[in-house]
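Any read-out appearing in this document is the output of simple, stated calculations on the displayed coordinates, not a laboratory observation. From a predicted model like this one, the values you see are computed outputs, not experimental measurements. Don't worry about glycine lacking a Cβ; one is built from the backbone with ideal geometry, like all the others, and counts go over all protein chains shown.
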Amino acid sequence: MTNVAAMHEFNSYIRHIDTDSLGDLCVRCGRMVTLEKNEYLFRKGEVFPFIGFVGKGILKYVCVNKSENRSYNTGFAFAGEFAANYPACIYGLNSETGIQALTQCELYLCPVETLLSFYEERPDMPRTNAEQLFLQTYSRYLDLYRLTSEERYLQLLERCPEILQLVPLKEIASYLKITPTHMSRIRRKQSFG
């Protein structure tokens, strides 16, 4: 089982969101589904009108580079976190990413209509959630320009020291937008540095 406490810094936007209420909503009003390792919750281009609350396991967000026809890992969702393509879910759009299980997972899928009704009762919550997601996404975008690949790797390890034990190295390399070979060089340099 994933160590939730160890991963609390990965998706840092969570600290500013009332995750207890949202998690309870998903468990209470959603349906539990199990995904096997490598199974997709949904794929790019699909409309997925649910927000998932991860009870167990690790998921990754996947996007495909069209010209390379290569998949990239753009993020993770761990136990106690949420899995959704938030804008596409809320607005009923085709998803720009897919979500795939890295391990066996248990999720509670809550219909977006239930989430929107919940938001009507708490009008400040959608804005807070959207702002926090934007801040995390914008910071990650800027890091691709303001930090070297080695600095991004070290930042990730500082935020989530146990990620190397929980997530395959090739998935971490993809998330950092580097090759596994380059990541090996960085790791080797760090162990001798």
| remark: Between the alpha carbon centres of region 46-88 and region 99-149 the gap in Å comes to 10
| Helix 180-192: angle to the longest alpha-carbon principal axis of the chain, degrees 0 to 90, nearest 10? | 60
| Burial order of peptide ranges 171-179, 24-32 (average beta-carbon count within 10 Å, highest first) | 171-179, 24-32
| Listed pairs LYS56/LYS189; LYS66/LYS189; LYS66/LYS170 exceeding 31 Å between Cα atoms | LYS56/LYS189; LYS66/LYS189
| In whole Hz, what ³J(HN,Hα) sequence does region 49-54 give by Karplus (6.51, -1.76, 1.60; θ = phi - 60°), x for Gly and Pro? | x, 9, 10, x, 10, 7
| task | Pull out the extension gain between ASN38 and GLN190, defined as 0.36 nm times the separation in residues minus the alpha carbon to alpha carbon distance; nm, one decimal. | result | 51.6 nm
| task | Output ³J(HN,Hα) for region 164-174: one whole-Hz value per residue in order, computed from phi by the Karplus curve 6.51 cos²θ - 1.76 cosθ + 1.60 with θ = phi - 60°, and x for Gly and Pro. | result | 5, 8, 9, 10, x, 4, 5, 6, 5, 4, 4
| query | Name the trypsin sites (Lys or Arg not before Pro) in region 57-87 that are in a loop by DSSP and that have at most 16 other C-beta atoms within 10 Å, would you? | reply | LYS66
| Qualifying aspartates and glutamates (Cα of each under 17 Å from Cα of LYS37; at least 8 residues distant if same chain) | GLU106, GLU171
| Which entry in (i) 11.0; (ii) 16.3; (iii) 12.0 matches mean projected area of the Cα convex hull in nm² derived from the coordinates of this structure? | (i)
| note | Taking placed amide H atoms and a strict 5 Å upper bound, the residues 5 or more places from VAL47 or on another chain that come that close are SER95
